[in-house]
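This report concerns only the one structure given below.
Derivation of every value follows stated rules applied to the coordinates shown; laboratory data play no part. These numbers come from a predicted model, not from an experiment. Cβ placement follows ideal geometry from the backbone for every residue including glycine, while neighbour counts extend to all protein chains displayed.
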Amino acid sequence: MFIAMNRFRVNPERVEEFEQIWLERETHLQGLPGFIEFHMLRGPEKEDHVLYASHTVWRSREDFEAWTHSEAFRAAHANAGQSRREGLYLGPPTFEGFEVIQTINNEDNDMSNKEAYEQKLQAKLDEWQAEIDKLRAQAKGAEADARLENEKEAERLEAKREELRQKLDELRNSSDEAWNDIKAGAERAWASLSESLEKARSRFK
């Protein structure tokens, strides 16, 4: 596991603006291979700044580094240099990366965490099925050549969704020992379908 952190020293008079920027921004993290969770942390207030830190948990350093070279990374940081943010920070952010050497979990929470993940995955499958159905409906209104290509694309998306559904079935039937390995496969299938749907949206417009 790898934890990536950026520390921000924020102008005390502009903390509300800083928090609003982060609360409203599109992170483009959901569905990425290896992404686990993100937190924005507010720390102590000094005379000249308030300390904040972004805290992102990844499955591995390799997953984090792959993200930094991805389209999702470029999209998330597209507006990072906006001039209206001048004076918002007391200097540039400071990056820190950590390799996890020990993890202690509350074992009583393991089952609820698994169930929550499986429920989240099922909800995503339902959401994506509705989106695929919508794309199919759009395809029917296209001209012949485009309609054929769009139908093929919808079939490819259906196949990817079915792969992910099978991973969910494996998760539900897996032992505690095998669950994390199967989850990693599910995350890869999730990322693949998410990326394919994003491309399909742009083509079906």
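Which one of Asp169, Asp63, Asp145 has the biggest mean-square fluctuation once the chain is modelled by GNM with Cα springs under 10 Å?
Looking only at Asp169, Asp63, Asp145, the largest GNM fluctuation is found for Asp145.
So what's the back-of-envelope 222 nm ellipticity for the chain, counting only DSSP H runs of four-plus at -39500 (n - 2.57) apiece and dividing by all residues, rounded to 500?
Rounded to the nearest 500, it is -19000 deg cm²/dmol.
Out of these labelled values of volume of the Cα convex hull per residue in Å³, [x] 123; [y] 318; [z] 155, which was calculated from the coordinates shown here?
Read-out from the structure maps to [z].
Convert 20 °C to kelvin, take the viscosity as 1.002 mPa s, use the Kirkwood radius over C-alpha pairs of the stretch 108-204 as Rh, and evaluate the Stokes-Einstein diffusion coefficient in µm²/s, rounded to a whole number. Each step should come with its number before you reach the end.
Numbers: Rh = 14.4 Å.
For the chosen part, D equals 148 µm²/s.
Read phi for every residue in the stretch 152-164 and hand back ³J(HN,Hα) as whole Hz from Karplus 6.51 cos²θ - 1.76 cosθ + 1.60, θ = phi - 60°, with x for Gly and Pro.
The phi angles translate into 5, 5, 4, 5, 5, 5, 4, 5, 5, 5, 5, 4, 5 Hz.
Would you mind telling me which residue in Lys140, Lys167, Lys124 has the biggest mean-square fluctuation in a Gaussian network model of the chain, where springs connect alpha carbons within a distance under 10 angstrom?
Per the Cα network of the chain with a 10 Å cutoff, Lys140 tops the list.
Would you report the distance distribution of C-alpha pairs in the stretch 1-45 as whole percents per 10 angstrom bin, up to the bin with the largest distance?
Histogram of Cα-Cα distances, whole percents per bin: 21, 49, 25, 5.
Once the other residues with Cβ under 15 Å from the Cβ of Glu99 are scored (Lys, Arg +1; Asp, Glu -1), what is the net sum?
Summing Lys/Arg as +1 and Asp/Glu as -1 gives -2.
I need the Debye-formula profile for the stretch 2-99: one equal scatterer per C-alpha, no solvent, reported as log10 I(q)/I(0) at q = 0.16 1/Å, two decimals.
Log10 I(q)/I(0), no solvent term: -0.72.
Taking the chain as a Gaussian network, where each spring joins two C-alpha atoms under 10 Å apart, which residue of Ile21, Ile36, Ile132 fluctuates the most?
Maximum fluctuation in the GNM of the chain, among the listed residues, is at Ile21.
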